[in-house]
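The values are calculated or read from the model by the stated rules, or taken from the named source; none is laboratory data. The structure displayed is predicted, hence computed values, not measured ones. Note that we place each Cβ from the backbone using ideal geometry, even for glycine, and neighbour counts take in every protein chain shown. These area figures cover heavy atoms from the full protein model, side chains too; ligands, DNA and RNA do not enter into them. Shrake-Rupley method; radii C 1.70, N 1.55, O 1.52, S 1.80 Å.
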Amino acid sequence: ALESNVRLTIGVIRIDSKKLEQVKAKKRNLFDVLFEEIERERVRNKIPILIIDEIQKLRDVYIKNGNGERELLKEFLNFCVRLTKETHLCHVVLLTSNTVFIERIYNDARMKETSRFKKIDHLSKELVLKWLQLENFTKGDIELIWDYYAGNISRLLEIIKIKEKGEALEEFLKYEAWLAYTEIVDYMARGDFGEEEIKQFESIAQEILTNGYFRFTRERREYLSVIEAWAEKEILFYEPLELRVTGNSRIYEKGMELLFS
């Protein structure tokens, strides 16, 4: 069991109605207003931490000004640089489930020297073993669960509920792999991908099953759009620092095994 005595106080940036109306009327810049509020927190001897989840949703969104349109994502990154590198007012944490997209953020010249990429990974096999032993799973069952789910926390929580219901473990896991397989086949059949793109995905999947991962290199740059498309669907996972592609979770790799069986 994990225990912690840490207490967290979570604050929310509040913008009064007058300022908000000015922003809506385009009389004031939203980022300037946010900057003032964060600056006020710093004056109170607090170091704010600004957390933005699923930042990829700012992609392809544009805001209008007197000179035309500006990309919202670019404006937001400028704002982050202003908060951190230029004024040191606060820390900024950007989260995304799309690692192909985060590479664009990480490699941005304004961010690269002042930011660090951190992969929030699944649990290790050692931790999964300890946890599931506490839940009274046998070692044989744990090995089976690891083969299908690895360290995916949400799926491990699900399998604990399955055990509590008394359902057959192996039968349930095989069905989950079948669902992952049908999800992959469904995407391939929808018409979003051409024949060559499907062949590229199959090549990526075969290499993942053979080597444990697909190595992305400059010579393989024609695969990038396919990797990005399947990462968007959360079936592939791309780790930009190591240039490795795997299944987004182990169950999708089990689905890939059915694809070639």
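Taking a probe of 1.4 angstrom, what is the accessible area of residue 223 in Å², to the nearest 10?
40
Suppose the chain between residue 52 and residue 117 were pulled fully straight at 0.36 nm per residue; how much longer would it get relative to their current alpha carbon spacing?
21.9 nm
What accessible area, in Å² to the nearest ten, does a 1.4 Å probe give for residue 35?
Probe radius 1.4 Å; accessible area of residue 35 about 20 Å².
Could you work out the Rg to Rh ratio of the chain, with Rh taken as the Kirkwood radius (inverse of the mean 1/r over all Cα pairs)?
Rounded to two decimals, Rg/Rh equals 1.04.
Starting at the first residue of the stretch 84-90, write each ³J(HN,Hα) from the Karplus equation 6.51 cos²θ - 1.76 cosθ + 1.60 with θ = phi - 60°, in whole Hz, x for Gly and Pro.
9, 5, 8, 10, 6, 6, 7
Taking K and R as +1 and D and E as -1, what net charge do the other residues with C-beta under 14 Å from the C-beta of residue 124 add up to?
Charge balance in the 14 Å sphere: +2.
So for 47, 159, what's the accessible-area order with a 1.4 Å probe, most first?
Ranked from most to least accessible, the order is 47, 159.
When all protein chains stay in place, what accessible area (Å², nearest 10, 1.4 Å probe) is found for residue 40?
The value for residue 40 is about 100 Å².
When the dipole is taken about the Cα centre of the chain, and only Lys, Arg (+1) and Asp, Glu (-1) are charged at their Cβ, what size is it in debye, to the nearest 20?
Computed charge dipole of the chain: roughly 1640 debye.
How many Lys pairs in the stretch 93-218 lie less than 22 angstrom apart by Cα atoms, where the lysines are 8 or more positions apart or on different chains?
The result is 15.
Could you work out Rg/(2.2 N^0.38 Å) for the stretch 130-251, with Rg from alpha carbons only?
1.21
Give the residue from 134, 80, 217 lying farthest towards the positive end of the charge dipole for the chain; charges sit on Cβ (+1 for Lys and Arg, -1 for Asp and Glu) and the dipole is referred to the Cα centre.
80
Compute the accessible area per residue over the chain, keeping the other protein chains in place, probe 1.4 Å, unit Å².
64
Is it possible to state the helix-based mean residue ellipticity at 222 nm for the chain, with each DSSP H run of 4+ residues giving -39500 (n - 2.57), the sum divided by total residues, to the nearest 500 deg cm²/dmol? What is it?
It comes out at -16000 deg cm²/dmol, rounded to the nearest 500.
Viscosity 1.002 mPa s, temperature 20 °C: what is the translational diffusion coefficient of the stretch 92-173 from Stokes-Einstein with a Kirkwood Rh over Cα pairs, rounded to a whole number of µm²/s?
D, rounded to a whole number, is 142 µm²/s.
Scan around residue 237 for amide H atoms under 5 Å from its own, H built in the peptide plane at 1.01 Å from N, and keep only partners 5 or more places away or cross-chain.
Sorted by chain and number, the residues that satisfy this are 246, 247, 248.
Quick one: Karplus J couplings for the stretch 150-167, per residue in order, coefficients 6.51, -1.76, 1.60, θ = phi - 60°, nearest Hz, x for Gly and Pro?
6, x, 5, 4, 4, 6, 5, 4, 5, 5, 5, 5, 4, 5, 5, 7, x, 6
Rg(Cα) of the stretch 214-261 divided by 2.2 N^0.38 Å?
Normalised by 2.2 N^0.38 Å, the Cα Rg of the stretch 214-261 equals 1.15.
Once you charge only the Cβ atoms, +1 for Lys and Arg and -1 for Asp and Glu, what is the size of the charge dipole of the stretch 210-261 about its Cα centre, to the nearest 20 debye?
The calculated dipole for the stretch 210-261 is roughly 120 debye.
How much of the accessible area of the chain, in percent, comes from carbon and sulfur atoms when a 1.4 Å probe is used?
Answer for the chain is 49 percent, counting heavy atoms of protein chains only.
Determine ³J(HN,Hα), in whole Hz, for all residues of the stretch 120-135 in sequence, where each value follows from phi through the Karplus function 6.51 cos²θ - 1.76 cosθ + 1.60 and θ = phi - 60°; x replaces Gly and Pro.
Computed from phi, the couplings for the stretch 120-135 are 8, 8, 6, 5, 6, 5, 4, 5, 4, 4, 4, 5, 6, 5, 5, 8 Hz.
So if I take the centroid of the Cα atoms in the stretch 231-254 and the same for the stretch 139-156, what is the distance between those two points in Å?
The stretch 231-254 and the stretch 139-156 have Cα centres separated by 18 Å.
Any chance you could run the full-extension gain for residue 225 through residue 242? It's 0.36 nm times the residue separation minus the Cα-Cα distance, nm to one decimal.
4.3 nm
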